[in-house]
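The values are calculated or read from the model by the stated rules, or taken from the named source; none is laboratory data. Note that the structure is predicted; figures quoted are calculated from it, not measured. As a convention, Cβ positions derive from the backbone with ideal geometry for all residues, glycine included, and neighbour counts pool all protein chains shown.
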Amino acid sequence: MTTIFSKTATTLTPPFLVLGIESSCDETAASVLRYTKEDDIEILSSIIASQDEEHAPFGGVVPEIAARAHMQKIDYIIEAAINDANIEYTDLAGIAATSGPGLIGGVISGLLAAKGLALSLGRPLLAVNHLEGHALSPRLAAPCAFPYLLLLVSGGHTQLLSVNGLGDYTRLGSTVDDAAGEAFDKSAKVMGLGFPGGPNVEKWAAKGDPNSIPLPRPFKGKDHADFSFAGLKTAVARAWEASDKSDIAKANICASFQNAVGDVMRERTLRAIAMFKSLHGELAKRFVVAGGVAANKALRARLTELCDTEGLSLLAPPLKFCTDNAAMIALAGAAKLAAGDIDDLDVAARPRWPLDQRAASANPASGYGKKGPKS
Ligand code: KG4
Ligand code: ZN
């Protein structure tokens, strides 16, 4: 195959405009971003189409339905992002798209759309790691100096990352099974609370007693910063089965579950803070929490209290930047373009793509084998 853009192409000097495309889970999103320098960016548009309605009857994201929905909507979403930014396609300097990790059908939809645009416009393709987008997402809201410790808690990921600089990330902890949001969604499904489960569990938890039902705290006391939620989720299902299924039972189980997640989050994060401090010494000053689960007020309160005790400032970017969006993909793509790190058109979509490959290979938190480390 002829290589149209080689990785050794000359670096493009900012300012420039980059289109970002995101389709790795259940949000179809596109965004145009002006990149002047690392900490000087402007979001010209950010369009997000959620698939909550499509997945609600199943109580969770169905990969096949997600892929079809991305495929149907992606061109309109891109068009809307271009129109909203009030630019022409030819004004773009590069096309960025999530090329993993994620649900492969969705990733392929977005990446193919990006390849088509890159090819027809004659612009470089920037294949972005979705996790790198999340790692940089606090910078969409306001300048945030490196290094910072990032707790990413969403429906797809639960990770603690030291964000050392552009392209330089150390994984300190990761879930070995379910993501925190998944545990919220599956617990909600068991109790018939609707999808997405997190906000509903939070609502019911406000009416219950957080100490009424004994639930496990997975990995409590372990000398690492990994998470596990599968056992907690099963314990919730058992507690619900054993209950009288009343509203009081619902409220008490939700409150006890949220309390257990809060305890786990606090303890695991405390371990990661120690690691972060030993990596960066006096420079270890900032803690960022991102992802849909970060919307939970009780969890935020626990983390705020932890940061106060540990002498870190807590940053919680507005939810529109820390849940899945394409502006974070455009930002990570623009940083790649500024560094001359562009991709060939035959770049692959990757269901697995650890951000910190060294940590993933040396200490795989989950999923290893023929297919390689997952996180
Ligand atoms: O980052 P996000 O929007 O996207 C994906 O992971 O795709 O996160 C969605 C997750 C869902 O699992 C949802 O139940 C959870 O975030 N979530 C919450 C709350 N709001 C959303 N979990 C707990 N409490 C909330 N208030
Ligand atoms: Zn995500």
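Looking across region 311-334, the residues that are at pLDDT 95 or above and either within 12 Å of ligand 2 (Cβ to nearest atom) or within 23 Å of G100 (Cβ to Cβ) (or both) come down to N325, A326, A327, M328, I329, A330, L331, A332, G333, A334.
Consider L319 carefully, then state whether it is touching a Leu at 6+ places or on another chain (Cβ under 6 Å) and farther than 17 Å from Q159 by Cα. Break it down into steps so the answer makes sense when it comes.
Working: touching a Leu at 6+ places or on another chain (Cβ under 6 Å): no; farther than 17 Å from Q159 by Cα: yes.
Answer is no for this residue.
Return yes or no: is A69 part of a helix (DSSP H, G or I) and without any contact (Cβ under 8 Å) to a residue 60 or more places away in the chain? Yes, satisfied.
Is there a residue being under 26 Å from E202 (Cα atoms) and either away from ligand 2 (no atom under 16 Å from the Cβ) or modelled with pLDDT of 95 or more (or both) anywhere in region 280-287?
Initial filter on region 280-287 (under 26 Å from E202 (Cα atoms)): 287.
Narrowing the set further to residues that are either away from ligand 2 (no atom under 16 Å from the Cβ) or modelled with pLDDT of 95 or more (or both) leaves 287.
So far as region 280-287 goes, yes, one or more of its residues are under 26 Å from E202 (Cα atoms) and either away from ligand 2 (no atom under 16 Å from the Cβ) or modelled with pLDDT of 95 or more (or both).
For the structure I just gave you, tell me whether V163 is touching a Pro at 6+ places or on another chain (Cβ under 8 Å) and either outside the structural domain of K245 (by TED's automatic domain parsing) or of a type outside the set (D, E, K, R) (or both). Taking the combined requirement at face value, the residue satisfies it.
Of all the residues in region 299-310, those that are farther than 15 Å from L151 by Cα and either modelled with pLDDT under 95 or not assigned by TED's automatic domain parsing to the domain that holds E202 (or both) number 0.
Just for region 114-138: of the residues that are of a type in the set (G, A, S), crowded, with 19+ Cβ neighbours inside 10 Å and assigned to a helix (DSSP H, G or I), which one is farthest from ligand 2 (Cβ to nearest atom)? Don't jump to the end; show me each part of the working.
Of all residues in region 114-138, those of a type in the set (G, A, S) come to 114, 116, 118, 120, 122, 127, 133, 135, 137.
Now restrict to residues that are crowded, with 19+ Cβ neighbours inside 10 Å: 114, 118, 127, 133, 135, 137.
Those left that are additionally assigned to a helix (DSSP H, G or I): 114, 118, 133, 135.
Numbers: A114: 17, A118: 23, G133: 8, A135: 11 Å.
Out of the qualifying residues, it is A118.
The set of residues in region 268-299 being surrounded by 17 or more Cβ atoms within 10 Å (Cβ to Cβ) and among the basic types (K, R) consists of R268, R271, K277, R286.
Table: residues versus (1) within 10 Å of ligand 1 (Cβ to nearest atom); (2) closer than 30 Å to A251 by Cα; (3) touching a residue at least 60 places away in the same chain (Cβ under 8 Å).
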{"site": "G105", "(1), (2), (3)": "no, no, no"}
{"site": "L119", "(1), (2), (3)": "no, no, yes"}
{"site": "N129", "(1), (2), (3)": "no, no, yes"}
{"site": "G133", "(1), (2), (3)": "no, no, yes"}
{"site": "P138", "(1), (2), (3)": "no, no, yes"}
{"site": "C144", "(1), (2), (3)": "no, no, yes"}
{"site": "L151", "(1), (2), (3)": "no, yes, yes"}
{"site": "L172", "(1), (2), (3)": "no, no, yes"}
{"site": "P196", "(1), (2), (3)": "yes, yes, yes"}
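Looking across region 37-53, the residues that are modelled with pLDDT under 95 and in a strand (DSSP E or B) come down to K37, D40, A49, S50.
From the set of residues in region 341-375 that are in a loop (DSSP other than H, G, I, E, B) and under 16 Å from D168 (Cα atoms), which is modelled with the highest pLDDT? Step through it out loud before you land on a result.
At the first step, the residues of region 341-375 found to be in a loop (DSSP other than H, G, I, E, B) are 341-342, 344-356, 363-375.
From what is left, the residues that are under 16 Å from D168 (Cα atoms) are 341, 353-356, 375.
Working: D341: 94, W353: 90, P354: 87, L355: 86, D356: 84, S375: 61.
In this case the residue turns out to be D341.
Scan region 313-326 and report the pairs whose first residue is over 23 Å from S24 (Cα atoms) and whose second residue is outside any strand (DSSP E or B) and among the acidic types (D, E), with Cβ atoms within less than 9 Å and a gap of 6+ or a chain change. Matching pairs, first to second residue: L314/D308. Scoring Y76 on the criteria (1) under 20 Å from A339 (Cα atoms); (2) surrounded by fewer than 24 Cβ atoms within 10 Å (Cβ to Cβ); (3) not β-branched (V, I, T) leaves a single failure, condition (1).
Yes/no per residue for (1) within 11 Å of ligand 1 (Cβ to nearest atom); (2) without any contact (Cβ under 8 Å) to a residue 40 or more places away in the chain:
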{"site": "S162", "(1), (2)": "no, no"}
{"site": "T175", "(1), (2)": "no, no"}
{"site": "D185", "(1), (2)": "yes, no"}
{"site": "K207", "(1), (2)": "no, no"}
{"site": "L215", "(1), (2)": "no, no"}
{"site": "F219", "(1), (2)": "no, no"}
{"site": "A235", "(1), (2)": "no, yes"}
{"site": "S246", "(1), (2)": "no, yes"}
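Of everything listed in (1) buried (at least 22 other Cβ atoms within 10 Å of the Cβ); (2) touching a helix residue (DSSP H, G or I) at 6+ places or on another chain (Cβ under 7 Å); (3) at pLDDT 95 or above, the single unmet condition for L111 is (2).
If we scan region 47-58, do we find a residue that is closer than 30 Å to G192 by Cβ, among the polar types (S, T, N, Q) and out of contact with any helix residue (DSSP H, G or I) (no Cβ under 8 Å at 6 or more places or on another chain)?
As a first pass, look at region 47-58 and keep what is closer than 30 Å to G192 by Cβ: 48-58.
Subsequent filtering for residues that are among the polar types (S, T, N, Q) retains 50-51.
With out of contact with any helix residue (DSSP H, G or I) (no Cβ under 8 Å at 6 or more places or on another chain) added as a condition, the list becomes 50.
Yes, region 47-58 contains a residue that is closer than 30 Å to G192 by Cβ, among the polar types (S, T, N, Q) and out of contact with any helix residue (DSSP H, G or I) (no Cβ under 8 Å at 6 or more places or on another chain).
Screening region 139-148 for residues that are away from ligand 2 (no atom under 15 Å from the Cβ) and assigned to a helix (DSSP H, G or I) and picking the one that is surrounded by the fewest Cβ atoms within 10 Å (Cβ to Cβ) gives A141. The set of residues from region 158-191 being charged (D, E, K, R) and out of contact with any Leu (no Cβ under 9 Å at 6 or more places or on another chain) comprises D168, D177, E182, D185, K186, K189. Quick check on region 92-106. Is at least one of its residues surrounded by 24 or more Cβ atoms within 10 Å (Cβ to Cβ), in a helix (DSSP H, G or I), of a type outside the set (G, A, S) and not assigned by TED's automatic domain parsing to the domain that holds I273? No, that holds for no residue.
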